[in-house]
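Below is one structure, written out as structure tokens; comments come after it.
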Amino acid sequence: MRCTAIKFHACDNITICSARAWKNGRDRTDRTGAGTLSVFGAQTRSRFARRRAGLPAADNEKVRTSNRLVYELLWFLRGDTNIRYLNEHGVTIWNEWADENGELGRVYGAQWRDGEAQTACAVDQIDNLMAQIKSNPQRPAAN
């Protein structure tokens, strides 16, 4: 397992927690069929509030950030529901769920940008988030 963070204490927490799961974890089935080793109550702590505290990231395989991932995120943020934009940029992961016109229905981006299907009025969660960050950048995420 690789662990990268600006500060190494975050990696130590993840490494210790992972070792505990490998040694004492119980097998759990999950929706993917891959299985999970579970330890009740295991936690890691990171200091996100402090400047340059670091964001711990652990994985057991190489994760390559590609332009395709960026295009998919931009597509979500646009609130688009058609795969045309994705296909123009070489992203085909959503193709099998699209109808003959390339429409996917209310996928993640549409729900983020227009919560109308969930409530009586449209709520643009991304606009709300950006306005909150701009008006009070020190505010905790959960309030």
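The values are calculated or read from the model by the stated rules, or taken from the named source; none is laboratory data. The structure presented is a predicted model; accordingly, all values stated were derived computationally and were not measured. Virtual Cβ from ideal backbone geometry, glycine too; neighbours counted across all protein chains shown.
Overview of values
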{"item": "Any hit, the range 56-67, residues being over 30 Å from Arg20 (Cα atoms), modelled with pLDDT under 90 and not aromatic (Phe, Trp, Tyr)", "result": "yes"}
{"item": "Unique residue being among the polar types (S, T, N, Q), modelled with pLDDT of 80 or more and surrounded by 16 or more Cβ atoms within 10 Å (Cβ to Cβ) when the list is Thr36, Thr81, Thr92", "result": "Thr81"}
{"item": "Check on Ala110, assigned to a helix (DSSP H, G or I), modelled with pLDDT under 75 and either in contact with a Gly (Cβ under 7 Å, 6 or more places away or on another chain) or under 23 Å from Gln125 (Cα atoms) (or both)", "result": "no"}
